[in-house]
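The values are calculated or read from the model by the stated rules, or taken from the named source; none is laboratory data. Every value quoted in this text rests on a predicted model; they were computed, and no experiment measured them. Virtual Cβ from ideal backbone geometry, glycine too; neighbours counted across all protein chains shown. Please note that ligands, DNA and RNA were not included when accessible areas were found on the heavy atoms of the full protein model with its side chains. Shrake-Rupley method; radii C 1.70, N 1.55, O 1.52, S 1.80 Å.
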Amino acid sequence: MTWLWIGNARPEHARAVVALDRATAHSAWPADRLRAACEAGADVDVPGDAPADAPAGAPGHVLVASVDGSPLGFLLYSQVLDEVSILKLAVDPGHRRRGIARELLDHLRALAADGHVRRLLLEVSVANRPALGLYDGAGFTVDGRRPGYYSGDSEPEDALLMSLSLGDAR
């Protein structure tokens, strides 16, 4: 793979980010929300999708990983005070297992470390073995379980709640 660029989504990324979201297994985000996040260049309100204790309208951010201007993955996240929740991490099916998801995670971790973030949070299906391996390898630990959290056309799947401590906020 040639040089991988990672940065805030821009308006020209919107269509590809929505397509990448649709190509993944769980919980596609509303297309208008993803487009708005990309078109805003960083922020979009994601009320109801932020952690339960988040104030209404917690901002959402999209990081994009692209090669030669073509997005191959994205990471949607929300920050509330000193915690960042990873809401969605998706990589094009044809480009998986090449380190793109890890690069997106590492980029977010670096951004968080430069800010006042103490912890990264996420939830993931117990059946999503590649994601579990990614998060475990990145140092995330399991904090809890939500029975039957993921549902749809198939049997309900439990979600694991995971976190990564970044230390004390500065």
Cβ-Cβ cut-off under 14 Å around Leu160, Lys and Arg +1, Asp and Glu -1: the net charge is -2
Tell me, what % of the accessible area of region 72-157 is carbon and sulfur with a 1.4 angstrom probe?
-> 46 percent
